[in-house]
Every structure is written in structure tokens, then in C-alpha cells.
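The values are calculated or read from the model by the stated rules, or taken from the named source; none is laboratory data. In this text, all values refer to a predicted model and were calculated from it rather than measured experimentally. When we count neighbours, we look across all protein chains shown, and the Cβ atoms used for this are built from the backbone with ideal geometry, even at glycine. Calculation scope for accessible area: heavy atoms of the full protein, side chains included, ligands and nucleic acids excluded. Shrake-Rupley method; radii C 1.70, N 1.55, O 1.52, S 1.80 Å.
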Amino acid sequence: MSQVLDAMFEKSVEGGEHVIDQGDDGDNFYVIDWGTYDIYVKCEGVGRCVGTYDNRGSFGELALMYNTPRAATIIATSPGAVWGLDRVTFRRIIVKNNAKKRRMYESFIESLPFLKSLELSERLKVVDVIGTKIYKDGEQIIAQGDMADCFFIIESGEVKITMKRKGKQDVDENEAVEITRYTRGQYFGELALVTNKPRAASAFALGTVKCLASSCRIPSIGFLFFVLDSVMDVQAFERLLGPCMEIMKRNIANYEEQLVALFGTNMDIADPSA
Ligand code: CMP
Ligand code: CMP
């Protein structure tokens, strides 16, 4: 941690400044201190805005991790500041850490049916951006109604999914109903990321649960956690799991069937206007 801290430098950014240009060699990895930034990716010569960062997140890891040209252009849309970490330090710490994670999780990730539509190299990239989280018996992993910032794959233990019926009164006043349970190799928490809606249900640990979590839940000294834990933000989720998105979307129909059986309504879980 002290090596990372010593190596990080603050850089002020002006509105309109290109922090990164697609196609360039990678020099630094950046963690946003403040400011807003657009992400442009060129397709057949035309740049298209594919996402934004709003006062949090990080970028510039791909070129450093995989020795490739910059995959996107990052343009500040307001004044701001970022923390930079140079290529040599980034590679020494992150790439070494990723190699260790790959050794630990390679066979587990390969066994997951929902990642089958990814190439091996793509699956390994998923490993690079996940961290491990351990939950105690009874601990809440997801709260219904919260904004989503990560999804989970269960490495060990059991997770209970519950849902409160949306009614005329506040959701909080309604009794939670158990919908399903998940164990090793299954995933949850993807729905809100796919639909861009709040969490549709809550998740609780039954016994000790170990999850692989992708996350942009960055605490106040988040950049350190990011650098050391290599967590996945919403942009990385979409970029890396894009080929699995169809499988995930198809699963929404199963959720809706479950909800109709339990509550007599599909709870509008996938309706963007609800
Ligand atoms: P890098 O390729 O080093 O530089 C551009 C960065 O933009 C890239 O790393 C990612 O961190 C970030 N980025 C965000 N969204 C995308 C995207 N859809 N495709 C490629 N890079 C992206
Ligand atoms: P998300 O809405 O992000 O957070 C709660 C998670 O519970 C949800 O993603 C799904 O992964 C999971 N879940 C399991 N069964 C259902 C269901 N019937 N309806 C909605 N979510 C479900």
C-alpha cells in the first residue's frame, strides 16, 4: 500500500482536456478524485460516447495490463483532478497480483456455465477485475431498492434472495418473502446492472459466504482499495460481460415467472418506466 501511495501523483484536469487518447501507448493508470469524464470509442473511424464517469471510478488500466494501445479516449467534461499511477509501478503491483488471482480462480471461472459464451482470454480478464468478499451468517449483501454498483458470483456458501412486494404503502412496511437460494457457481445482482434500475430484491448470507464481487463501491480512500483489490465498475461489467448479457437478459423471464407465481405480478422488474 505504501508503494502505491508513494508512487501516485495528483494531476489537475481542465474541462475539455483529453486525459487519454485512443491508440496511444499507455503511460499511467488514473483514479478519479473529482470531475466528470466522457468515454469515447472509435468504431470504423467514428468516435461514439459509450459512457461517462461522474466523480468516481478509474480508467487506463487496460493498456497497462495487456500491453495494448489505449482502447478509448477519455475527455474531461468539467474541471477536475485525477490520481495517476505510473506504468512500471502499476505493472509491478497489479500484474503480479492478477497472475496470483488467475492461478487461484482460473478453474473455477472456467466451470461457470453463464460465462461459457466468453473466450478463455475474456474469462481470464473477468478474473483480473474481481475481488473476494466474505459475508458472515445473516449479513445483508444486497438491499432491495438500493442503487447497484456490483454483481456477485458465489464461491462458497449459500445466499437467500428475498423480496418485499411493492404496494401502495412504502416497500419497507411489507413483509419480505423468500424467492430463491443460490450456491457455489451461481451469480446474482446482475439484474440492476442490466436494467439500470434499483436492486429488485435483497440478498442475505446463510452461514459464511464467500463471493467473487465486481464492484465500483469505492470508499473514501477508494483508490487504494481499487489498486489493491482491482474491482470492476459498471463500464467494465458491460465491456467484459457484454457477450453474456443475452443469457442474463433471458434469465429475466425466469425471474418474472417466479414473481408471478409468488405475488401474482411480475413486479415490473424489467420495465424501465416502473
Ligand atoms: P485503456 O485502454 O488503458 O485507456 C482507455 C480506458 O478507458 C481503458 O483503459 C478503460 O479503463 C476505459 N474504458 C471505459 N469504458 C471502456 C470501453 N467501453 N472500452 C474500452 N475502454 C474503456
Ligand atoms: P439485482 O436486482 O441487481 O439485485 C437483487 C438480485 O436478486 C437480482 O439482481 C437477481 O440477481 C436476484 N434475483 C433472484 N430471483 C429474482 C427474481 N425473481 N426477481 C428479481 N431478482 C431476482
Does region 58-75 include one or more residues that are surrounded by fewer than 18 Cβ atoms within 10 Å (Cβ to Cβ), away from ligand 1 (no atom under 13 Å from the Cβ) and under 30 Å from Ser12 (Cα atoms)?
-> no
If you check Phe108, Phe152, Phe114, which single one turns out to be more than 16 Å from ligand 1 (Cβ to nearest atom) and in a strand (DSSP E or B)?
-> Phe152
crowded, with 18+ Cβ neighbours inside 10 Å, under 30 Å from Gly157 (Cβ atoms) and of a type in the set (Val, Ile, Thr), is that true of Ile94?
-> yes
What helices (runs of 4 or more DSSP H) lie completely within region 217-269 and have 2 or more residues being within 16 Å of ligand 1 (Cβ to nearest atom) and modelled with pLDDT under 60?
-> 222-229
Pick out the one residue from Ile74, Ile93 that is closer than 11 Å to Ile32 by Cβ and away from ligand 2 (no atom under 16 Å from the Cβ).
-> Ile74
Using the structure shown, decide if Lys164 is over 30 Å from Glu61 (Cα atoms), touching a strand residue (DSSP E or B) at 6+ places or on another chain (Cβ under 7 Å) and of a type outside the set (Ser, Thr, Tyr).
-> yes
Considering region 18-38 alone, what residues qualify as being part of a strand (DSSP E or B) and surrounded by fewer than 20 Cβ atoms within 10 Å (Cβ to Cβ)?
-> His18, Asp33, Trp34, Thr36, Asp38
Hey, can you tell me all the residues within region 75-96 that are modelled with pLDDT of 90 or more, in contact with a strand residue (DSSP E or B) (Cβ under 7 Å, 6 or more places away or on another chain) and of a type outside the set (Asp, Glu)?
-> Ile75, Ala76, Thr77, Ser78, Pro79, Gly80, Ala81, Val82, Trp83, Gly84, Leu85, Arg87
Between residues in region 193-206 that are at positive phi and open to solvent by less than 20 Å² (accessible area, probe 1.4 Å) and residues that are within 16 Å of ligand 1 (Cβ to nearest atom) and in a loop (DSSP other than H, G, I, E, B), which pairs lie under 9 Å by C-beta distance while being six or more apart or on different chains?
-> none
With respect to the numbered conditions (1) surrounded by 19 or more Cβ atoms within 10 Å (Cβ to Cβ); (2) modelled with pLDDT under 90; (3) more than 19 Å from Met8 (Cα to Cα), which one is the sole condition not fulfilled by Ser117?
-> (1)
Which listed residue is assigned to a strand (DSSP E or B), surrounded by 13 or more Cβ atoms within 10 Å (Cβ to Cβ) and small (Gly, Ala, Ser), from Gly145, Gly157, Gly185 | Gly157
